[in-house]
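The values are calculated or read from the model by the stated rules, or taken from the named source; none is laboratory data. Computed from a predicted structure; not experimentally measured. When we count neighbours, we look across all protein chains shown, and the Cβ atoms used for this are built from the backbone with ideal geometry, even at glycine.
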Amino acid sequence: MRTLFASPILRFVGRRLLYSLVVLAGVLVLAFALVHLVPGDPVRIALGTRYTPEAYQALRSASGLDRPLVQQFFSYAGSALTGDLGVSFRNGDPVTATLLERLPATVSLAIVGILIALLIALPAGIWSALHRGRISDGIIRVTSQFGVSIPDFWMAILLIGLFASTLGWLPTSGYRPLLTDPGGWLRHVILPGLTVGLVAAAIMTRYVRTAVLEVASAAHVRTARSKGLAPAVVTSRHIVRNALVPVLTITGIQLATILGGVIVVEVVFAWPGLGRLVYNAVAARDYPLIQGAVLLIATLFLLINLIVDVLYAVVDPRIRLS
Amino acid sequence: MTGPVLSVRDLRVRIGRQEIVHGISFDVAPEQTLGIVGESGSGKSMTALAATGLLDIPGAVASGSSALGAVDDSHPTELIGASRRALRNVHGGRIGFVFQDPGTSLNPLLTVERQITESLEAHRDMTRRQARQRAVELAEAVGLPDPATRLGSYPHQLSGGQRQRVMIAIALACDPELLIADEPTTALDVTTQAQIVDLVGDLRRDFGTAVVWISHDLGLIGQVADDVAVLAAGELVEQAPVLEVFDSPRHPYTRQLLAARPLIGGGDPRPAPADAPVLLSVDGLDVRFDVTSPAGATTTVHAVKGVSFEVRRGSTLGLVGESGSGKSTVAGALTGLVAPDAGSAALGGVDMLMVRGAAEKALRRRVSLVLQDPFSALDPRARIGAAIGEPLQVHRLCKGKRARADRVAELLDVVGLPADFASRYPHELSGGQRQRVNIARALAVEPELVILDEATASLDVSVQARVLELLADLQRELGLTYLFISHDLAVIEQMSHQVLVMRSGSAVEYRPAAELFAAPEHPYTRALLAAVPAAQPRSS
Amino acid sequence: MTDMPSGDNLRVSSWRLLLANPLTLASGVVLIAVAIAAGTARWIAPSGINDVDVPNALQPPSGAHWFGTDELGRDILSRVLVAMQASLQVSVVSVAFAVVVGVTVGVVAGYRGGWADIVFMRVVDVMFAFPVLLLALAIVAILGPGMTTTMLAIGIVFTPIFARVARASTLSVRTEPYVAVSRTMGTGHGFILSRHVLPNIAGPLIVQTSLSLAFAILSEAALSFLGLGIQPPHPSLGRMIFDSQGFVTLAWWMAVFPGAAIVVIVLAFNLLGDGLRDVLDPKQRTLAEARRNR
């Protein structure tokens, strides 16, 4: 048991976990500060036209905004850690419940998106790197440059215009839960998934290409060739496998980025996920909901990065065995 | 086999429009070692790679003929322009390769065993089990301690010497007829180098392999080669059996190369000025620092353990040690780059370690530092004149730009460089020229003490000889005091009046140079001296 | 014979190398053209940006209206030109903000190390934990929509990347031997920062600036699309695309032209950034020079 705790992997993970918690604390502070940085009175702004002195007082004490700042923070942090993120300014629903209700839709979109991205970026990036300077490399690079330059909402609208409105193959918007209606889920997730995935693919292809290029010019690849190994073996065992380590990091970052980027795509496709929720909350100045969503997404972000770091330690023997 | 193992005729290598290798021809006799020696830019690596079909630089084209002799003296295999398939059979199967840097030449993600069995599976059609068995045999043959367990390690868990042994095992796995060793010991310590040289010698006898050993070190080639080929600027300048090359060299370049070598016991160091006062006095210097591994674990390294010495004005103290001995840390402590944990150091009675503020600035004027790598010691975006002029500006030694420019021209002249170099950039200069610029910059403040940390280690042998001569002249003319740090004992002997030998942070032997080289006391010093390649080649 | 310079006859001046790459050259030209068009937008626009002309609504591209008209009969070309001006303005101002703040923080953190480094970089890490658009939205939620808020939001959100790039470059320069030698000569920190650090970190920062300008245009478009960026009646490329949603099958030009404008500008900045990286990054540079010497 003692040797387990002394194991380098566990120590490494422990260090990363500690670091993540520190950042999480910072995130909490930032999320909390959102409400209090609003010039003017957040409660008044939220009520807007529904303002009455009674409603104002009620909402104000319900959200605890009449207490001293520090006390508010600790009470906020405390309840956040136990899962209670307050209630919405708009309809009084508990924030946590609302967020969890919308989470599956965003997660399924993000996963479909990253899978499409990997399916395109991995082969394209590897091919492009190994055939550097040839025409196919040029085509891949130009295409990915385009992909990175296209606004995702524009792509979404064009895709809808083509496949849904004109050809009528796919629905223009909406969502069907995976478990109750797999067929419907698939039909509805294709266009938004493609939108998210294609843009992510363009970004990732360039990073994969760079990672593979760097590995391909490493000294150990020349050693592998000097052994007279078949090109396929050199590529798979000595180039791609070594490039997987940085590719892992890239995938993690991209997945986390998608979590934020889905906002616009969800709005265009009327996808009932966290992104659309945040958008509506911002439009309505529903601060507790904004706070909660921001906190949740940032936490997911940190979690993904932590998992990537752990996988790193598992895959790279230099970290696993010091 | 009676014919040559490798027969190269009129080999040329072209990159783009430039020809790098100009029509080289040589033979490698069976079971013999051919030493290819040349300085940087001679094209020795490129020749060997082109001759064996391993040239991987984009745009490089080889022409001419390179024939690999067949075991049964039948039709030889032409390697230039051979199909990739044919080359794959030859690489690893009939020709083995050992490259320079064992740290990066092995795949960090695969076990050592896997990297050996790969070859066997590819060429000898073995199953995993058979290959594993053979790998153990090979590991034993190359002297890897505890072979059965070591095979399961990853490269980063082995030392530099052990990794190079693994590379040799990989190269010899399929019992090739020819072994190409490209600077295999350049990145290793002198003692490890000696071990590897012995190992390759033994294996050559046991396996019956012919060897092509490429190096810039003529002394080393003298130890290992039967025949020597001297390359310069892509041309084959001289080729002869080793004894002939050393005893009666024909080409002037070979003679120049032989003469430029610093040798143990060759030449007396200039006499030290009699009864000079002590300039630098170091007492009980102790330095520790923390090192963080990639996993984030921190360990404390005790780099310098209570070292003491004195240097008299106008003389040179040679500080010698291998990598990890702490010699560079001593230099760091004396120049303020590293904070010592204990001990004291004084320059002419003035404390060097605790000074701050204006006193520190005044102290920095009196001590100069010249580092090993001439390129990275100069700001790539600053002109030479600006680099040399920086200390003049900082210490306000000249009145106005004009005066500064004049002084810079003076300094360039002192180190033997033309005055118009002041407007050039570092990348326009050669390694030797850049190092002269570094010396000029060090002299700009008219220092009393100059610390030279491996200042000639990255230079070609002939360039090194000229720079060492310059340093000796400057010491005589300007009365400079040197702390000369190096791993090269021959250079130390040539330059030093006193010698301090360091090992793992401790001072191991501290005596006048003549005494130390005549009769070394400490076993480590003796081991170091024994490991230096001899001046004369071994008789076959 | 042996101590050769490291290839002085192979070195090519930076400008020539930059211009030798056709894509970089084209991007530069495009960006200059865009800048001129945007700068003079209100003068060269054929019609007013809000000249409603309902009888001529939804007209396809023609001689009178090169980009067609929208659902209120407004000339799309004019609106695109003025919107481009606003987009460029937002992106330049926000990136300028991010550069000034981010580089200062990054250089201080990278050079001094110690507490400054730890504190600044933790703050940067916290900011990095938020997806870009989310953080921008949150800031807009606090301050209310509009062009100024957008500039501030994007500026704040882009600061961390400049801090990171500046810190990494500063750190790598600070550990270079020539800086160590300067310190041993007694050179002061100010001299080292201005003469050695800044010139040597300029390269990666210039590349990042170009790429961030590209991303800023996309971010502003996204914010405007959501109605939280540049507010009507001032036209914005993002909002024009939003308005085109109901008319995609009837009037494809309403979606295509504003979108194409975005793509052209962003692509040009991206290609320029790549071209700059080829010239300014020493690892890439040797390749580019070799290609040119072929």
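Could we say that B:Ala518 is out of contact with any Gly (no Cβ under 8 Å at 6 or more places or on another chain), modelled with pLDDT under 90 and either of a type in the set (Gly, Ala, Ser) or within 23 Å of B:Val282 (Cα to Cα) (or both) here? Here the answer is yes, as B:Ala518 does meet what is asked. From the list B:Ser506, B:Ser458, pick out the single residue that is in contact (Cβ under 8 Å) with a residue 60 or more places away in the chain and within 22 Å of B:Ser281 (Cα to Cα). Just a single option satisfies the conditions, and that option is B:Ser506.
Looking at B:Ala82, B:Ala67, just one residue is more than 10 Å from chain A (Cβ to nearest Cβ), part of a strand (DSSP E or B) and in contact (Cβ under 8 Å) with a residue 12 or more places away in the chain, and that residue is B:Ala67.
Every residue, every condition in (1) in contact with a strand residue (DSSP E or B) (Cβ under 6 Å, 6 or more places away or on another chain); (2) among the small types (Gly, Ala, Ser); (3) assigned to a helix (DSSP H, G or I); (4) within 13 Å of another protein chain (Cβ to nearest Cβ), yes or no:
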| position | (1), (2), (3), (4) |
| --- | --- |
| B:Ser25 | yes, yes, no, no |
| B:Gly35 | yes, yes, no, no |
| B:Thr47 | yes, no, yes, no |
| B:Ser63 | yes, yes, no, no |
| B:Asn89 | no, no, yes, yes |
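Given the options B:Leu34, B:Leu6, name the one that is touching a residue at least 60 places away in the same chain (Cβ under 8 Å), farther than 22 Å from A:Arg225 by Cα and surrounded by 15 or more Cβ atoms within 10 Å (Cβ to Cβ).
B:Leu34
With a requirement of 3 or more residues that are surrounded by 20 or more Cβ atoms within 10 Å (Cβ to Cβ), the strands (runs of 3 or more DSSP E) lying completely within the stretch B:470-538 that satisfy it span B:481-486, B:498-503.
Within the stretch B:382-400, being within 22 Å of B:Ala358 (Cβ to Cβ), part of a loop (DSSP other than H, G, I, E, B) and within 12 Å of chain C (Cβ to nearest Cβ) holds for B:His395, B:Arg396, B:Leu397.
Considering only residues in the stretch A:257-270 that are more than 7 Å from chain C (Cβ to nearest Cβ) and assigned to a helix (DSSP H, G or I), the one that is farthest from the chain's Cα centre (by Cα) turns out to be A:Val268. If you go through the stretch A:149-189 and keep only what is modelled with pLDDT of 80 or more, among the charged types (D, E, K, R) and more than 17 Å from C:Val248 (Cα to Cα), you end up with just A:Arg187. The residues of the stretch A:283-302 that are free of Cβ contacts under 8 Å to residues at least 40 places away in the same chain and either more than 9 Å from chain C (Cβ to nearest Cβ) or crowded, with 24+ Cβ neighbours inside 10 Å (or both) amount to a single one, A:Ile297. Each residue in the stretch C:80-127 was checked for being touching a residue at least 60 places away in the same chain (Cβ under 8 Å) and among the charged types (D, E, K, R), and 0 pass.
Would the stretch C:202-218 turn up any residue that is under 27 Å from C:Glu71 (Cα atoms), touching a helix residue (DSSP H, G or I) at 6+ places or on another chain (Cβ under 8 Å), within 9 Å of another protein chain (Cβ to nearest Cβ) and at pLDDT below 85? Taking every residue of the stretch C:202-218 in turn, none turns out to be under 27 Å from C:Glu71 (Cα atoms), touching a helix residue (DSSP H, G or I) at 6+ places or on another chain (Cβ under 8 Å), within 9 Å of another protein chain (Cβ to nearest Cβ) and at pLDDT below 85. Scanning the stretch B:357-381 for residues being part of a loop (DSSP other than H, G, I, E, B), more than 7 Å from chain C (Cβ to nearest Cβ) and without any contact (Cβ under 8 Å) to a residue 60 or more places away in the chain gives a total of 2. For the stretch B:46-71, the candidate set comprises residues that are crowded, with 19+ Cβ neighbours inside 10 Å and among the small types (Gly, Ala, Ser); within that set, the residue that is farthest from B:Ser462 (Cα to Cα) is B:Gly69.
Of the helices (runs of 4 or more DSSP H) entirely within the stretch A:137-247, those holding at least 2 residues that are within 12 Å of another protein chain (Cβ to nearest Cβ) and surrounded by fewer than 17 Cβ atoms within 10 Å (Cβ to Cβ) occupy A:182-216.
Taken together, the residues in the stretch B:401-445 that are within 13 Å of another protein chain (Cβ to nearest Cβ) and in a helix (DSSP H, G or I) amount to 17. Can you find even one residue in the stretch A:65-85 that is touching a Leu at 6+ places or on another chain (Cβ under 8 Å), part of a loop (DSSP other than H, G, I, E, B), closer than 17 Å to A:Ala284 by Cβ and modelled with pLDDT under 85? Looking for residues that are touching a Leu at 6+ places or on another chain (Cβ under 8 Å), part of a loop (DSSP other than H, G, I, E, B), closer than 17 Å to A:Ala284 by Cβ and modelled with pLDDT under 85, one finds at least one in the stretch A:65-85, hence yes.
Run down B:Glu428, B:Glu469 and say which single residue is out of contact with any helix residue (DSSP H, G or I) (no Cβ under 9 Å at 6 or more places or on another chain) and under 30 Å from B:Gly38 (Cβ atoms). Walk me through it before giving the result.
Numbers: B:Glu428 fails: out of contact with any helix residue (DSSP H, G or I) (no Cβ under 9 Å at 6 or more places or on another chain).
Within the list B:Glu428, B:Glu469, the selection yields B:Glu469.
In the stretch B:181-205, which residue that is of a type in the set (D, E, K, R) and modelled with pLDDT under 90 is nearest to B:Thr104 (Cα to Cα)? Only one residue fits best here, namely B:Asp189. Do any residues in the stretch C:63-79 that are in contact (Cβ under 8 Å) with a residue 60 or more places away in the chain and within 20 Å of C:Val34 (Cα to Cα) have Cβ atoms under 7 Å from those of residues that are charged (D, E, K, R) and surrounded by 15 or more Cβ atoms within 10 Å (Cβ to Cβ), where the two are at least six apart or on different chains, and which pairs are they? Cβ pairs passing all conditions: C:Ile76/C:Asp70. Among the residues of the stretch B:80-102, is there at least one that is farther than 19 Å from B:Leu144 by Cβ, among the polar types (S, T, N, Q) and more than 32 Å from the chain's Cα centre (by Cα)? Scanning the stretch B:80-102 turns up at least one residue that is farther than 19 Å from B:Leu144 by Cβ, among the polar types (S, T, N, Q) and more than 32 Å from the chain's Cα centre (by Cα). When C:Leu137 is tested against (1) away from chain A (no Cβ under 14 Å); (2) buried (at least 24 other Cβ atoms within 10 Å of the Cβ); (3) over 15 Å from the mean Cα position of the chain (by Cα); (4) touching a residue at least 60 places away in the same chain (Cβ under 8 Å), exactly one condition is not met: (1). Of all residues in the stretch A:36-60, those that are in contact (Cβ under 8 Å) with a residue 12 or more places away in the chain and more than 9 Å from chain C (Cβ to nearest Cβ) have Cβ atoms under 7 Å from Cβ atoms of residues that are of a type in the set (Asp, Glu) and part of a loop (DSSP other than H, G, I, E, B), 6 or more apart or on another chain, in A:Ala46/A:Asp286; A:Arg60/A:Asp66. Residue pairs, Cβ under 9 Å, 6 or more apart or interchain, first in the stretch C:176-189 and at the interface with chain B (Cβ under 7 Å from one of its Cβ atoms) and within 14 Å of B:Phe375 (Cβ to Cβ), second surrounded by 22 or more Cβ atoms within 10 Å (Cβ to Cβ) and among the acidic types (Asp, Glu). List them. These pairs meet every condition: C:Glu176/B:Asp379; C:Tyr178/B:Asp379. Being farther than 17 Å from A:Leu303 by Cβ and of a type in the set (A, V, I, L, M) is the filter here, so list the residues in the stretch A:251-270 that pass it. A:Ile263, A:Val264, A:Val265, A:Val267, A:Val268, A:Ala270 - these are the residues of the stretch A:251-270 that are farther than 17 Å from A:Leu303 by Cβ and of a type in the set (A, V, I, L, M). For the stretch C:243-276, the set of residues classified as facing chain A (nearest Cβ under 8 Å) and not in a helix (DSSP H, G or I) consists of C:Val248, C:Thr249, C:Trp252, listed by residue number.
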